[in-house]
Structure formats: C-alpha cells, structure tokens
Amino acid sequence: MADESVVDAIDKLARTPEAVREAFAGMDAGKLRRKPNLSLFSPLEDVWHLRDIEKEGYLVRIGRILSENVPVLEDLDGDRMAIERRYNELELSPAIAGFAAARAESLELLKGLPTEAWMRQAHFANHVIDLRALIGTMVDHDHGHLSSIRGVYAKSIAA
C-alpha cells in the first residue's frame, strides 16, 4: 500500500462509524435482529462484531505492532464471540457508540506516524504482515459488514 493509499484507507476508516449510523437510521426495527440466513450475522450482530473486533482486535494489534518487535497477533473468533456474548439480545446504541469510540482510539494511534512505522511487521493469521496490510484488512472488514447491514436495509424498504 503506497503512502497515498494509506491516507485514503485511514479516511475510509474514519468515515465508517458515521456510515454505520446512517445505515441504521432508516432501518425497520423488525429487521434489526433478523439474519439473512443462519450462517450470517443480523445487522445488530454486525455492529456489535465491529465494536468488539475494533476494541479487542484491531486497536490491540495496532498498539502491539507499534510497540513490539514483530509480535504474534491474536486472531479472534467473531462467530464465537457473537454467540457467547449474545449480540442479538443487546441494544443498538451502545454498539454504535462503542465502535465509534474504539475506532477513534485506533485512528489516534495511526495519526502522524512516520513512513517507517507503516512497515513495522507482525505475525497474524499464519502470515507476516505490516501495519499497512493491517489497515487494508480493516478497510475490507468494514466494507464487508457495511455491505451486509445495507443489504438488510435495502430488503427492509423493499418489503
């Protein structure tokens, strides 16, 4: 990822919490906990997943990459977290607020980093990655969950 694409990626990451808020703004409350199919998250589960993965995954990973020499980063089981934490029984507002707060913390760690910091490496999911790759993974992760939430929203207004 080139320096300009790092800037673009960080901009996308910064905009995601508001995009999540907007996606839920017009959603039929009856669709909030409905899974498109049994193997997918409901919109509510998606946003709690975003919150927990940001707070316990990405924020921790960024900090460790910046402070440790080639750390081994934990891979979290999001499906297991959703079941054990009973995401679909929780409320929406704390999930969105928690995701936005954790994302702001992550972005604060990334602010003003020198070029060489983006090349710092870690072991993650049986690969060696650098901070730039982790940021790209975050963008892709956000996009996937936003697409899922928006898909349910689109179906809710079509129904």
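For the reader, a short list of remarks on this structure follows.
- For segment 3-158, the tally of Lys pairs with Cα-Cα distances below 23 Å comes to 5, considering only residues 8 or more apart or on different chains.
- Residue order, fewest to most beta carbons within 10 Å, for TRP118, TRP48: TRP118, TRP48
- Alpha-carbon Debye profile of the chain, log10 I(q)/I(0) at 0.08, 0.16 Å⁻¹: -0.24, -0.89
- Stretching LEU40 away from ASN126 to a fully extended chain increases their span by 28.5 nm, per 0.36 nm per residue minus the current alpha-carbon distance.
- A simple spin-label model places pseudo-atoms 7 Å from Cα toward Cβ; at THR115 and VAL70 they are separated by 2.3 nm.
- Hydrophobic long helices, here whole DSSP H runs in the chain with Kyte-Doolittle means of at least -1.0 and Cα atoms spread over 20 Å or more along the helix axis, are found at 3-25, 92-110, 131-158.
- Simple label model, 7 Å out from Cα along Cβ direction - ARG21 to ARG150, nm: 1.8
- Taking other residues whose beta carbon is less than 11 angstrom from the beta carbon of LEU131, and scoring Lys, Arg as +1 and Asp, Glu as -1, yields +2.
Read-outs throughout are calculated quantities, based only on the coordinates presented, and are distinct from any laboratory measurement. Please read these numbers as outputs of a predicted model, since none were measured by experiment. As a convention, Cβ positions derive from the backbone with ideal geometry for all residues, glycine included, and neighbour counts pool all protein chains shown.
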